[in-house]
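Asker: Take this structure, written in C-alpha cells, and hold onto it; I'll ask about it next.
The values are calculated or read from the model by the stated rules, or taken from the named source; none is laboratory data. What you see is a predicted model; the values in this text were computed from it and never measured. Here the Cβ positions follow ideal geometry from the backbone for every residue, glycine too, while neighbour counts run over all protein chains shown.
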Amino acid sequence: MRIIIFTIVLLTSFHAKAQDVLVWEGRGDSFSNQILNVNQGYLLPERENMWSDAYYTIVENRIYEGFSSSFFDLKFTVRDGQLFMGDSQFRGDILYTLKNGQIFTGDSDLLMDVLFTFKRGQLFEGSGMSSFDVLYTIDGNPTAAELYAIIIALGLLN
C-alpha cells in the first residue's frame, strides 16, 4: 500500500512539473488557443515538450536564446524586476521594469510609461484591466524572467 501511495505522489509531482506555465491567446477559453508553455525552464511553442524546440531557456534570472545555457547565447538578465540586455549591470542598459504587475519602459515606474499589466493570470496592454481587453492568459506563476521571456517571444517587447 505504501508503495502505491508513493508511486501516485511521485507521478503526480512529476506531472505537475511537466508544464509549469501555459499561455493562451485571449482569455484562454480553448485548449486549441494555447500558444506557448514553459516546461522546466524552456519556453516552447504551443503544447510542445521537445526542449530542442525552445525559443528561450530560462535559468534563474537569465534568459538564453534557444536550447542553450551558454554565455554566448545569453540574451537578457533580470535583476530586481528589471530586464537588462545580456549580462549588463549598468542602469543605462535597463530595457524594462516590472513593478506591481506592470511593465514599464526603461527604468521608469511612471503611469505614462506602462506598457503592460499582468494581473490575475491575464496580460493587458497598458494599465487597462477590462476582461474585454485581455491579450493573453498565463496559467501558472511565472517568475519575472519567465514573464519577460513570454512577452518577448510573443513579439510584444523588442
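Asker: Can you pull out every residue in segment 90-99 that is modelled with pLDDT under 95 and not hydrophobic (A, V, I, L, M, F, W, C)? Spell out how you get there, then give the answer.
Answerer: Start the filter on segment 90-99 by keeping residues that are modelled with pLDDT under 95, which leaves 90-93.
Of everything in segment 90-99, those that are modelled with pLDDT under 95 and not hydrophobic (A, V, I, L, M, F, W, C) turn out to be R91, G92, D93.
Asker: Select, from D113, D53, the only residue that is under 18 Å from V23 (Cβ atoms) and among the charged types (D, E, K, R).
Answerer: On the way: D113 fails: under 18 Å from V23 (Cβ atoms).
When all the criteria are applied, what remains is D53.
Okay, residues lined up against (1) in contact (Cβ under 8 Å) with a residue 40 or more places away in the chain; (2) in contact with a strand residue (DSSP E or B) (Cβ under 8 Å, 6 or more places away or on another chain); (3) not β-branched (V, I, T):
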position	(1), (2), (3)
Q102	no, yes, yes
F116	yes, yes, yes
K119	no, no, yes
E125	no, yes, yes
Y136	yes, yes, yes
D139	yes, yes, yes
T143	yes, yes, no
A149	yes, yes, yes
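Asker: So which residues in segment 88-115 are surrounded by 13 or more Cβ atoms within 10 Å (Cβ to Cβ) and either of a type in the set (A, V, I, L, M) or under 15 Å from E25 (Cα atoms) (or both)?
Answerer: Scanning segment 88-115 gives I94, L95, L98, I103, V114, L115.
Asker: Restricting the search to segment 122-140, which residues are under 17 Å from Q102 (Cβ atoms) and either surrounded by fewer than 16 Cβ atoms within 10 Å (Cβ to Cβ) or in contact with a Ser or Thr (Cβ under 6 Å, 6 or more places away or on another chain) (or both)?
Answerer: Our first condition is that a residue be under 17 Å from Q102 (Cβ atoms); within segment 122-140, this holds for 122-130, 133-136, 138.
Of everything in segment 122-140, those that are under 17 Å from Q102 (Cβ atoms) and either surrounded by fewer than 16 Cβ atoms within 10 Å (Cβ to Cβ) or in contact with a Ser or Thr (Cβ under 6 Å, 6 or more places away or on another chain) (or both) turn out to be Q122, F124, E125, G126, S127, G128, M129, S130, D133.
Asker: Criterion first (over 29 Å from M50 (Cα atoms) and either in a loop (DSSP other than H, G, I, E, B) or without any contact (Cβ under 8 Å) to a residue 60 or more places away in the chain (or both)) does T97 satisfy it?
Answerer: Details: over 29 Å from M50 (Cα atoms): yes; either in a loop (DSSP other than H, G, I, E, B) or without any contact (Cβ under 8 Å) to a residue 60 or more places away in the chain (or both): yes.
So T97 passes the test.
Asker: Could you name every one of the strands (runs of 3 or more DSSP E) located completely within segment 100-158 that has at least 2 residues being over 22 Å from L36 (Cβ atoms)?
Answerer: 102-105
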